[in-house]
Structure formats: C-alpha cells, structure tokens
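These notes concern the structure reproduced below.
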Ligand code: ADP
Ligand code: MG
C-alpha cells in the first residue's frame with residue numbers, strides 16, 4: 001500500500017502518494033513540489049509552468065531519476081518498459097525492466113552521455129523512444145493503476161527551450177499538456193511524471209499516446225503500478241452553475257478539464273479574432289490619425305499665411321498713415337515756402353529796382369570820371385615824382401646813418417676804447433650800526449673825481465670816466481654803459497668787467513636782484529630793442545653762452561651733461577678765439593634770455609655749498625654773440641659782447657689761505673694779475689701781449705686789444721675797514737684807465753663776405 005499524504009490545492013482536498021525519498025534531494029531552485037507551505041507562497045514562474053503542463057491534479061513532476069528505494073512495493077509494478085532498450089534487465093527478484101515493447105511507431109534513441117542525478121539506474125535514461133509513436137498495453141488487471149513516465153532530453157543537449165513540446169494522453173485523457181523537458185530541467189537530466197491515476201476496463205488495455213506540438217515526442221521509460229484498493233483518491237468534485245436555471249451540475253475534473261480545454265480553444269479563437277479586429281481598427285486609427293496630422297499641418301500653414309497677410313495689412317495701414325502724415329507735412333511746407341518765396345521775390349524786385357537806380361547813378365559818375373582822367377594822369381605823374389624823391393632821400397638817409405655811426409665811433413674813440421667807471425656801494429646795515437666811518441668822498445663825483453681819505457688829513461684823488469655814488473641806481477649805471485653795448489650790433493667786440501673786492505657789489509652791478517636788474521639783463525633788453533628798431537635795414541642773430549672760470553678751468557654752465565673733455569680755447573683760421581663744444585643758446589626775445597640766465601645761475605649753484613662764496617672765487621662770464629646782416633649792402637658782421645663778473649680781488653694776505661682755498665686765491669691772483677699785465681702790455685705797446693698767462697685773458701683775447709671796446713666797473717666799499725683793498729682796486733683801475741688802446745675796428749665776418757662775393761660773381765657770369 002502506497003502512503004498517501006493530503007494537501008490542499010485550489011481549495012480541493014486531494015490525496016497524493018507519499019514522496020519518494022529521492023525527492024528530498026531536489027534543489028530549491030526548481031520548485032515543482034506542491035506542499036502546503038509552497039501553496040501558501042507559490043513561486044509564480046514555477047507554478048504557472050507546473051499548472052500549464054500537468055493536467056492530472058494527482059500527478060506531479062519529479063526532477064530526478066528512478067530510485068529503487070522509492071519503489072516500496074515492487075510487487076505492485078505491473079509493467080516497467082525501458083523504452084529504446086532491447087533487452088530485459090532484472091534489477092532484483094521483484095523488479096524487472098522490460099526491453100522496449102508494446103509500442104507502435106517511432107524510433108530508438110541512445111546516448112553515452114552521463115545523466116546527472118539519474119538515480120539507481122542511469123541506463124533507463126540513456127535510451128528512449130522518439131518520433132511519432134504510442135504505447136498500447138494489453139492484459140492488465142481491471143481497476144485503477146498508476147502510470148509513471150520517465151523523460152530526459154538527450155538530443156538537444158543545448159536547448160533551446162521550446163525545441164520539443166508535446167502532449168501525453170493516457171486512455172485519451174491528457175495528462176501532460178505542451179510538455180517541454182528542457183524548459184523544466186535542462187539537458188541530460190531526468191524528469192519523472194509520477195502518479196497519474198488511470199482506470200483499466202475489462203479489456204485490460206491501456207493506451208499511452210504521445211502527440212508532438214513542436215518537434216517529436218520522446219519517452220525513456222514507462223512504469224505501470226497497481227493502485228492500492230479502497231484508497232482511491234477522492235476525485236475532486238466541481239459544480240457548474242447553469243446560466244439559465246441556476247441549477248448546479250456536478251462534473252468530474254476530467255470533464256471540467258475537457259470543458260476548460262474547449263472553452264480555452266473557443267476563447268483563443270475569439271481572442272485571435274479580436275486581435276485581428278483590434279489590429280484592423282488600429283490601422284484605421286493610424287490612417288485617421290495620419291490624415292488628421294496632415295489636415296493639422298495644412299491648417300497650420302493656412303494660419304501662418306493668414307498671420308502674414310494680417311501683418312502685411314497692418315504694415316500697409318501704418319505706411320498709408322505715415323504717407324498721409326508726410327503729405328500733410330509737405331503741404332504745410334509748400335505753403336510756408338510759397339510764402340517765403342513770394343516775400344523773397346518781392347524783396348528781389350525791390351533790390352533790382354534800387355540796383356537799377358544805382359546803375360544809372362554810377363553810369364553818370366563813370367561819365368564824369370572819364371572826363372577827369374587827364375587830371376588823374378597828372379596826379380600819377382606827381383606821385384611818381386614824389387616816389388623818386390623818396391628814394392633819393394632814403395639813399396641820403398643811409399649815407400647819413402653811416403656818417404652818424406662813424407661820428408659816433410669817433411666820439412667813443414676820443415673817449416678812449418677802455419673806460420673805467422667807479423661804483424661805490426652804500427654802507428651795509430651792519431656797518432652803519434657799528435658806526436663804521438666812510439673813507440670815500442664824492443664831492444667832485446660829477447667830474448669823475450673820487451676822493452679817498454687815507455688817514456689823518458691825507459686824501460688821495462682818483463680820476464675815472466664816471467663815478468657812481470651809493471645813491472646812483474642801476475638805471476643810471478646802465479645809461480652810461482648802453483652806447484657801448486649797442487656798438488656790438490655795429491660789429492664791434494665789447495668787453496665789460498666788474499672788478500673789486502668781494503662784497504663791493506660786482507654781482508649787484510652785473511646781475512642785480514630780480515626786482516632791480518643789472519647790466520647783463522638790461523644789455524640784452526637794449527639789444528633786442530635796437531634790433532627791432534633797425535629791422536628795416538638789418539637782421540640780427542643773437543646767441544648766448546654762460547661760462548665760469550674757476551681754478552684756471554673753463555666750465556660751460558649751459559651744458560646739460562658734464563663735458564667729457566676739458567674745455568679748451570682754440571684759435572680759428574681767421575685768428576679769432578673760441579671754445580669748441582661750448583653751448584651757444586639762440587635767443588629770440590627777452591623771455592628766452594631770462595630762462596638762459598636762470599639756467600646758468602642754477603648750474604653755478606650745483607656742486608658748491610655756498611653759492612656766494614663760490615661765485616666770489618670764480619669769474620662768471622656771459623658771452624653774447626651777434627651776427628648782423630646789413631640788408632642794404634649785404635655786409636655781414638660777427639661780434640661778441642663779454643659781460644664778466646670777476647672773482648674777488650682781495651689780496652691773499654688778507655685771507656687765512658690754506659689748502660684748496662690757497663690754490664683758489666693763487667689762481668684768482670694769477671688771472672687778475674694777468675689781466676693787469678695784458679692791459680699794461682697793451683698800454684706800453686709792447687711787442688708781446690701775454691694773453692696766454694691766464695685762461696681769462698686768453699678767452700677774452702679778441703675783446704681785449706686795440707680793436708675792441710672795454711668797460712671796467714671798479715667796485716669799492718666806503719668802509720674804513722676796507723680802505724687798503726679799496727686803494728688797491730682803485731690803483732689797478734687807474735692803471736687800466738691810463739691805457740690808450742688805439743682805434744677800435746669793426747669785426748668783419750670775412751667768411752660771410754667771401755660767400756656773398758662768390759654769389760655776386762656767380763650772378764655776374
Ligand atoms: P660782490 O659780488 O662784489 O661780492 P655783491 O654784489 O654780492 O658783491 O654785493 C654785496 C652786498 O652789497 C649785497 O647784499 C648787495 O645787495 C649790496 N650792494 C652792493 N652794491 C650795492 C648798491 N649799489 N646799492 C645797494 N646795495 C648794494
Ligand atoms: Mg659776487
């Protein structure tokens with residue numbers, strides 16, 4: 001008797017044979033077992049596969065091979081056919097596997113492949129019947145029995161699933177539907193259909209039929225067992241309710257299955273038809289949708305066109321409005337223009353009328369003019385005579401001018417070409433407050449006499465060309481110097497010195513403070529003024545250099561960068577002296593002069609701690625170079641005016657001279673003595689004039705001699721403390737004044753003269 005175990009499935013109580021022990025080895029991954037737990041939580045994929053294949057609810061699929069231990073009652077085995085196997089194998093005294101028999105159709109299939117998990121008798125699964133076949137068993141006892149079918153996929157070892165699908169019918173009841181071994185266990189693995197309960201009638205016949213759906217059916221073994229008597233499982237009973245009378249009809253599960261199959265077929269057909277209908281409708285819908293889309297596109301196009309047209313209409317409206325406005329404006333303008341033109345025409349008419357009248361008057365005047373032409377001719381002749389007279393006068397004026405200059409020079413020459421003006425400064429505030437006595441007497445100053453109280457009642461008198469008292473100002477001093485400076489414009493070399501002890505007013509006389517300027521500035525002012533006056537007859541070109549002679553060295557105070565070479569005095573081929581490389585700043589007006597003098601003065605300050613002290617130990621020289629061209633006769637002259645602020649003349653003995661200071665004092669002494677010696681040599685008409693004994697005399701050579709004009713300001717102090725220096729200065733000046741330097745002569749620029757001569761010669765040829 002086979003053990004039965006009860007479980008519930010789909011709400012129907014069913015009896016199942018007890019599980020063979022080999023089932024416990026069944027892996028969890030393929031869940032084909034039905035038990036209460038599983039039913040509670042069914043594996044959806046396994047369950048549906050299971051449901052779709054098993055038609056008999058009592059049967060089950062077991063994914064392992066046949067085990068003898070599972071066969072608890074070997075006596076109950078009625079037949080065990082090993083399909084595809086030729087011979088009968090006796091497994092035990094009670095269990096015998098028959099060679100393949102009772103089949104109808106099909107072929108034999110065998111394999112040497114190992115069958116995994118094949119149970120106690122793997123050979124069962126290495127042979128099979130395959131193809132279009134069925135089994136028909138005879139002589140079986142009447143009553144119920146169980147049929148077990150053994151399968152293994154031994155052909156299509158690599159699948160795929162669905163390659164072999166078939167139905168199995170026993171006694172024409174479908175027990176396996178669309179059965180696919182590969183899809184359940186894969187290749188070379190056994191699969192048993194266990195416990196299909198069938199009943200055998202009086203004829204003792206049992207038919208197992210295999211129907212291929214896809215590919216050919218296959219079976220490896222068929223086992224027919226006797227069903228235990230009296231323990232027939234309770235057939236599931238199901239009821240159908242009539243749709244009309246509501247009465248319930250009892251149906252067996254087999255009938256229910258048949259009905260379900262029929263209904264399924266019917267519904268499948270219906271579904272097929274509905275699917276076709278649906279497809280058709282979908283196609284229709286698609287077509288409708290396509291035409292709707294096309295219509296929409298058309299509609300969109302039309303809408304856009306409409307928009308365009310609307311826009312065009314609107315812009316046309318706007319244009320029309322603008323044109324109308326323009327038209328109105330034009331009309332208004334036309335009216336205005338018409339009015340203004342009318343007024344203008346009237347105006348013109350009036351003017352024409354006036355012009356006509358004027359024309360008549362002018363015609364009359366013209367007639368009277370024609371009549372007066374002879375008179376006019378007389379007047380023209382008169383004017384021409386006057387012009388000729390004027391030319392004659394001009395010529396005479398020129399001659400007179402030349403004579404005037406000649407006479408003027410003669411006057412200057414009679415005065416001597418070296419003149420000495422003595423200027424005495426006032427007592428300084430300090431000297432006055434100290435009660436310092438004055439040793440100078442100006443009683444006969446107007447006659448050029450200066451008295452000096454030399455001690456006690458002794459008085460020495462000195463004679464000069466002019467004597468300026470402390471009350472005489474810069475204007476008075478320049479008034480006497482001005483004719484001399486102007487002679488530089490006539491082509492004479494001129495030299496003006498300021499000589500004297502430090503602090504006696506040399507710089508005051510030459511430069512002067514800004515608000516009370518001295519000879520230098522006033523000279524240039526005068527030169528520009530005269531040049532302007534004479535601009536009809538002469539052109540002048542003025543340039544200036546500012547130099548300093550310190551310790552027998554020449555320094556260019558206008559040089560923007562320190563001279564790379566020592567400045568030296570050179571003689572030109574024409575015999576004049578100059579310093580090559582020295583800056584000659586062209587000056588066109590008094591403003592230029594001021595900036596140049598400032599530049600020189602600033603340069604002097606550079607490199608000296610005390611400007612006043614430094615200036616007292618160096619000779620400061622302003623040289624004005626004048627180039628003149630006489631526009632009447634083309635004569636060109638080149639002349640120089642030297643304005644020299646000499647270093648202090650105080651003697652060495654008076655100073656505590658040491659080191660550098662001693663050297664300075666010696667150099668000053670040397671140059672001032674050289675100046676005295678030059679003048680002395682000139683005075684005595686010596687054959688040798690020692691110009692080269694000092695840089696100063698060498699530099700001034702052209703202007704210290706017979707053909708040039710010299711003015712010396714001898715500056716003195718009125719103080720009794722300076723008496724000795726005052727006397728020394730006055731003696732020096734007297735010596736200078738006594739010199740007759742001879743006639744001054746013009747400095748003709750021979751190079752220019754020669755150039756003009758060549759030009760004239762060229763023009764003549
Ligand atoms: P030096 O150049 O001979 O050393 P300065 O020209 O520097 O002398 O004069 C010395 C001082 O005397 C300066 O303060 C100057 O203003 C003043 N001084 C010189 N001469 C006159 C004068 N004629 N009238 C007024 N002040 C004078
Ligand atoms: Mg000075």
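Among (1) away from ligand 1 (no atom under 16 Å from the Cβ); (2) touching a helix residue (DSSP H, G or I) at 6+ places or on another chain (Cβ under 8 Å), which single condition is residue 536 missing?
Of everything listed in (1) away from ligand 1 (no atom under 16 Å from the Cβ); (2) touching a helix residue (DSSP H, G or I) at 6+ places or on another chain (Cβ under 8 Å), residue 536 misses just condition (2).
Is it fair to say residue 547 is buried (at least 19 other Cβ atoms within 10 Å of the Cβ), within 17 Å of residue 603 (Cα to Cα) and away from ligand 1 (no atom under 16 Å from the Cβ)?
In short, yes.
Here's the yes/no breakdown for (1) modelled with pLDDT of 90 or more; (2) touching a strand residue (DSSP E or B) at 6+ places or on another chain (Cβ under 8 Å); (3) more than 16 Å from ligand 1 (Cβ to nearest atom):
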position: 595; (1), (2), (3): no, no, yes
position: 605; (1), (2), (3): no, no, no
position: 608; (1), (2), (3): no, no, no
position: 628; (1), (2), (3): yes, yes, yes
position: 633; (1), (2), (3): no, no, yes
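Within the range 713-721, is there a residue that is at pLDDT 90 or above, part of a helix (DSSP H, G or I) and over 60 Å from the mean Cα position of the chain (by Cα)?
yes
At pLDDT 90 or above and out of contact with any strand residue (DSSP E or B) (no Cβ under 8 Å at 6 or more places or on another chain): does that describe residue 613?
No, not satisfied.
On the given criteria, is residue 524 in contact (Cβ under 8 Å) with a residue 12 or more places away in the chain, within 16 Å of ligand 1 (Cβ to nearest atom) and part of a helix (DSSP H, G or I)?
No, not satisfied.
From 520, 541, which residue is touching a helix residue (DSSP H, G or I) at 6+ places or on another chain (Cβ under 7 Å), at pLDDT 90 or above and either within 24 Å of residue 589 (Cα to Cα) or within 16 Å of ligand 2 (Cβ to nearest atom) (or both)?
520
Taking residue 725 as the residue in question, decide whether it is more than 17 Å from residue 642 (Cα to Cα) and either modelled with pLDDT under 90 or surrounded by fewer than 22 Cβ atoms within 10 Å (Cβ to Cβ) (or both).
Against the criterion (more than 17 Å from residue 642 (Cα to Cα) and either modelled with pLDDT under 90 or surrounded by fewer than 22 Cβ atoms within 10 Å (Cβ to Cβ) (or both)), residue 725 does not qualify.
Just wondering, is there one or more residues in the range 471-481 that are over 30 Å from residue 623 (Cβ atoms) and surrounded by fewer than 16 Cβ atoms within 10 Å (Cβ to Cβ)?
Yes: one or more hits.
From (1) away from ligand 2 (no atom under 16 Å from the Cβ); (2) outside any helix (DSSP H, G or I), pick out the condition that doesn't hold for residue 478.
Here residue 478 clears every test but (2).
For the range 580-593, state whether one or more residues are modelled with pLDDT under 90, assigned to a strand (DSSP E or B) and either surrounded by 14 or more Cβ atoms within 10 Å (Cβ to Cβ) or touching a helix residue (DSSP H, G or I) at 6+ places or on another chain (Cβ under 7 Å) (or both).
Within the range 580-593, none of the residues are modelled with pLDDT under 90, assigned to a strand (DSSP E or B) and either surrounded by 14 or more Cβ atoms within 10 Å (Cβ to Cβ) or touching a helix residue (DSSP H, G or I) at 6+ places or on another chain (Cβ under 7 Å) (or both).
Restrict the check to the range 98-110 and report whether at least one residue is touching a helix residue (DSSP H, G or I) at 6+ places or on another chain (Cβ under 7 Å), assigned to a loop (DSSP other than H, G, I, E, B) and surrounded by 17 or more Cβ atoms within 10 Å (Cβ to Cβ).
Checked against the condition, which is being touching a helix residue (DSSP H, G or I) at 6+ places or on another chain (Cβ under 7 Å), assigned to a loop (DSSP other than H, G, I, E, B) and surrounded by 17 or more Cβ atoms within 10 Å (Cβ to Cβ), the range 98-110 yields no hits at all.
Could you say which residue among 438, 504 is farther than 28 Å from residue 708 by Cβ, within 16 Å of ligand 1 (Cβ to nearest atom) and surrounded by 13 or more Cβ atoms within 10 Å (Cβ to Cβ)?
None of the others qualify; the one that does is 438.
May I ask you to list the residues in the range 486-511 that are outside any loop (DSSP other than H, G, I, E, B) and away from ligand 2 (no atom under 16 Å from the Cβ)?
486, 487, 488, 489, 490, 494, 495
The values are calculated or read from the model by the stated rules, or taken from the named source; none is laboratory data. Computed from a prediction, not measured in an experiment: that's the story for all the values here. Cβ: placed from backbone, ideal geometry, glycine included. Neighbour counts: every protein chain shown.
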